[in-house]
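Undergrad: One structure, as structure tokens, below. Some questions next.
The values are calculated or read from the model by the stated rules, or taken from the named source; none is laboratory data. Just so it is clear, the structure is predicted and the values come from calculations on it, not from any experiment. Using ideal geometry, Cβ is built from the backbone for each residue, glycine included, and neighbour counts are taken over all protein chains shown. Heavy atoms of the whole protein, side chains included, go into the accessibility calculation; ligands, DNA and RNA do not. Shrake-Rupley method; radii C 1.70, N 1.55, O 1.52, S 1.80 Å.
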Amino acid sequence: GSISLQRGGAYGKKSKEESLVSGADVLRECRYIVLFFGCEWHPFCRSQFTPQLIQIYRHLKTERGGDPEQDVEIVYVSLDKDEKAYERFVRTMPWLSVPWDEAREQLIAAFRVQNVAVKLPQVVVLDTTDGISKHNGIIHHNAFPEIQLRMNKDSDESLAKQFPWNVSKKAAA
């Protein structure tokens, strides 16, 4: 079955349940899904990477939003120590997140993400064109090193234009 995803940002007056959307609907509306595995406890993840990724995401949405052939959605998968830290961190993000439940743990296991500082954040880029089944749709198993290199020399707008970032043929093998 489809997993539920939670809208990021402050829920406002909505309860957590009201902020849930169907993962299947998101897949239908977007060509690319970017899984962002991270956590609040990681200083770089919290204070440098996430704020810059927010700017890149806004440029991606401006340029590609509404076009199912090119649209991108980021989905945060938390490696936080507890649900309170997850909720605090998710409030800073404009994109969707996997709720604090077993689907989150299944994704962490499926993508073999290690919850250690030197391995985080991990950014997986999926292309839904042929369904997620073909090579699991993975076009980049960890785009983070490539993004980090480019973040130091390119503008957020330029990074958005370069998406999906160094598509690796090896990742699909």
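Undergrad: Confirm whether PHE44 is at pLDDT 90 or above and surrounded by fewer than 15 Cβ atoms within 10 Å (Cβ to Cβ).
TA: It is true that PHE44 is at pLDDT 90 or above and surrounded by fewer than 15 Cβ atoms within 10 Å (Cβ to Cβ).
Undergrad: Mind checking which residues of region 151-173 are modelled with pLDDT of 60 or more and surrounded by 16 or more Cβ atoms within 10 Å (Cβ to Cβ)?
TA: MET151, ASP156, LEU159, ALA160, PHE163, PRO164, TRP165 - these are the residues of region 151-173 that are modelled with pLDDT of 60 or more and surrounded by 16 or more Cβ atoms within 10 Å (Cβ to Cβ).
Undergrad: Within region 17-39, how many residues turn out to be in a strand (DSSP E or B), hydrophobic (A, V, I, L, M, F, W, C) and surrounded by fewer than 18 Cβ atoms within 10 Å (Cβ to Cβ)?
TA: Total satisfying the criteria: 2.
Undergrad: Name the single residue, out of those in region 7-16 being farther than 14 Å from ASP101 by Cα and at pLDDT below 75, that is surrounded by the most Cβ atoms within 10 Å (Cβ to Cβ).
TA: Taking the candidates together, the pick is TYR11.
Undergrad: Still on this structure: Among (1) touching a residue at least 40 places away in the same chain (Cβ under 8 Å); (2) open to solvent by 70 Å² or more (accessible area, probe 1.4 Å), where does GLY66 come up short?
TA: Here GLY66 meets the rest and fails (1).
Undergrad: Which one of these does GLU73 not meet: (1) free of Cβ contacts under 8 Å to residues at least 12 places away in the same chain; (2) closer than 23 Å to MET151 by Cα?
TA: Looking at each condition in turn, GLU73 falls short on (1).
Undergrad: Any idea which of LEU53, LEU79 is of a type outside the set (S, T, N, Q), touching a Cys at 6+ places or on another chain (Cβ under 6 Å), open to solvent by less than 70 Å² (accessible area, probe 1.4 Å) and under 16 Å from LEU120 (Cβ atoms)?
TA: Result: LEU79 is the single residue among LEU53, LEU79 that is of a type outside the set (S, T, N, Q), touching a Cys at 6+ places or on another chain (Cβ under 6 Å), open to solvent by less than 70 Å² (accessible area, probe 1.4 Å) and under 16 Å from LEU120 (Cβ atoms).
Undergrad: Another question, then. Assuming SER4 fulfils every condition listed in (1) surrounded by fewer than 21 Cβ atoms within 10 Å (Cβ to Cβ); (2) out of contact with any Pro (no Cβ under 7 Å at 6 or more places or on another chain); (3) at pLDDT below 90 apart from one, which condition is it?
TA: Of (1) surrounded by fewer than 21 Cβ atoms within 10 Å (Cβ to Cβ); (2) out of contact with any Pro (no Cβ under 7 Å at 6 or more places or on another chain); (3) at pLDDT below 90, only one is false for SER4: (2).
Undergrad: Which condition number does ALA103 fail, the rest of (1) more than 14 Å from PHE49 (Cα to Cα); (2) open to solvent by less than 50 Å² (accessible area, probe 1.4 Å); (3) of a type outside the set (D, E, K, R); (4) at pLDDT 90 or above being met?
TA: Only one criterion is unmet by ALA103, namely (4).
Undergrad: Here are the criteria: (1) under 24 Å from LEU20 (Cα atoms); (2) among the hydroxyl-bearing types (Ser, Thr, Tyr); (3) modelled with pLDDT of 90 or more. Tell me which single one THR128 does not satisfy.
TA: Among (1) under 24 Å from LEU20 (Cα atoms); (2) among the hydroxyl-bearing types (Ser, Thr, Tyr); (3) modelled with pLDDT of 90 or more, the lone unmet condition for THR128 is (3).
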